[in-house]
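Student: Let me begin by handing over the structure; questions about it come next.
Rule-based calculations on the coordinates, nothing more; no lab input. As the structure is a computational prediction, the values presented were derived from the model and not from experiment. Cβ placement follows ideal geometry from the backbone for every residue including glycine, while neighbour counts extend to all protein chains displayed.
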Amino acid sequence: MNKLVFINNGKTVTDSLTVAEVFGKEHRRVMQDIRDLECSDEFNRHNFVQVDYTDSRNRTYPKYIITQDGFSFLVMGYTGKEAARFKEMYITAFNQMREQLAKPQALTERQAVIQSLRLTAELAEEVDVIKETTEKQATKLFELELKVDEQITLNSGEQRRLQRAVGQRVYDFEPDDEYRPELFRQIYKEIKDRWQVPSYKDIRRQDLQAVLQYVAAWVPVRRAG
């Protein structure tokens, strides 16, 4: 038997095939039960989503993805001692999966930004996103990752690395403590102007190597006299 519930598009759901198997019904009967439900169109649209699946003979058939609320509404009419036991099994499975999703997980900076972008995109999409092909989903994720790379700026360790490189370059040119501040202003201003950022801290991580190379080759504008 498949798992009673699973995660689809960030939500805990089941499907009509699993319901049919668990409750000992023909799948076509469960599909018909869903179509015959006397619920509002809005409730139906948000809790029962028809998708296609491929069986072991590579034949394509429809099935429904069912939310926890949709499942509760559907099985209200399933009676008997065995049906009651199966309902309890499902309720337990839904609750356990929800608790698992609620547990905080440590995310890297990159994962956190990707997750934020993914959730924002999912909220803006209609339910028919479930019907997207694997290729489209992979393309979308790749585009999100590219966007993440463009947004991430230097972390504290990378900022210190750049500061050390700048300091080393300034000290190479100016032995006099009195005149070093002017060189620091020069080099940081050139970095901000060249990479169009308000502060060196806002430099994108993907540009760090280019900035370090620029610093290594930097030559100050010498003061007169």
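Student: Arrange Lys81, Lys25, Lys136 by Cβ neighbour counts within 10 Å, fewest through most, would you? Don't skip to the answer; put the middle values down first.
Tutor: Values: Lys81 7, Lys25 16, Lys136 11.
With the sparsest Cβ surroundings first, the list reads Lys81, Lys136, Lys25.
Student: Roughly speaking, what is the stretch gain from Lys189 to Gln100, that is 0.36 nm per residue apart minus the C-alpha to C-alpha distance, in nm to one decimal?
Tutor: Numbers: separation 89, 0.36 × 89 = 32.04 nm, distance 4.95 nm.
So the extension gain works out to 27.1 nm.
Student: Which residue, Gln213, Tyr171, Ile203, has the largest displacement toward the positive end of the dipole of the stretch 156-217 when charges sit on each Cβ (Lys, Arg +1; Asp, Glu -1)?
Tutor: Result: Ile203.
Student: With +1 on each Lys and Arg Cβ and -1 on each Asp and Glu Cβ, how big is the dipole of the stretch 156-217 about its Cα centre, in debye rounded to the nearest 20?
Tutor: Numbers: 12 positive and 11 negative charges, 88 e Å.
I would put it at about 420 debye.
Student: Further question: Taking θ as phi - 60°, what are the ³J(HN,Hα) couplings along the stretch 33-46 by the Karplus curve (6.51, -1.76, 1.60), each to the nearest whole Hz, with x for Gly and Pro?
Tutor: 4, 5, 5, 8, 4, 8, 10, 5, 4, 5, 4, 4, 5, 8
Student: So if I place +1 on the C-beta of Lys and Arg and -1 on the C-beta of Asp and Glu, and nothing else carries charge, what would the dipole magnitude of the stretch 1-91 be about its Cα centre? I want it in debye, nearest 20.
Tutor: On the way: 13 positive and 13 negative charges, 63 e Å.
The calculated dipole for the stretch 1-91 is roughly 300 debye.
Student: Please give the FRET efficiency for Lys81 paired with Leu37, using the beta carbon to beta carbon distance and R0 = 25 Å, rounded to the nearest 0.05.
Tutor: Numbers: r = 24 Å, r/R0 = 0.94.
Computed FRET efficiency for Lys81 and Leu37: 0.60.
Student: Quick one: which of Lys140/Lys201; Lys11/Lys140; Lys3/Lys140; Lys25/Lys87; Lys11/Lys87; Lys25/Lys81 span more than 21 angstrom between C-alpha atoms? Don't jump to the answer; show the numbers that get you there.
Tutor: Working: Lys140/Lys201 29 Å; Lys11/Lys140 19 Å; Lys3/Lys140 28 Å; Lys25/Lys87 14 Å; Lys11/Lys87 19 Å; Lys25/Lys81 15 Å.
Going by Cα-Cα distance, Lys140/Lys201; Lys3/Lys140 fall outside the 21 Å limit.
Student: Compare the peptides 43-50, 170-177 by average per-residue count of other Cβ atoms within 10 angstrom and give them in order, highest first.
Tutor: Working: 43-50: 17.4, 170-177: 12.0.
Put in order of decreasing packing, that is 43-50, 170-177.
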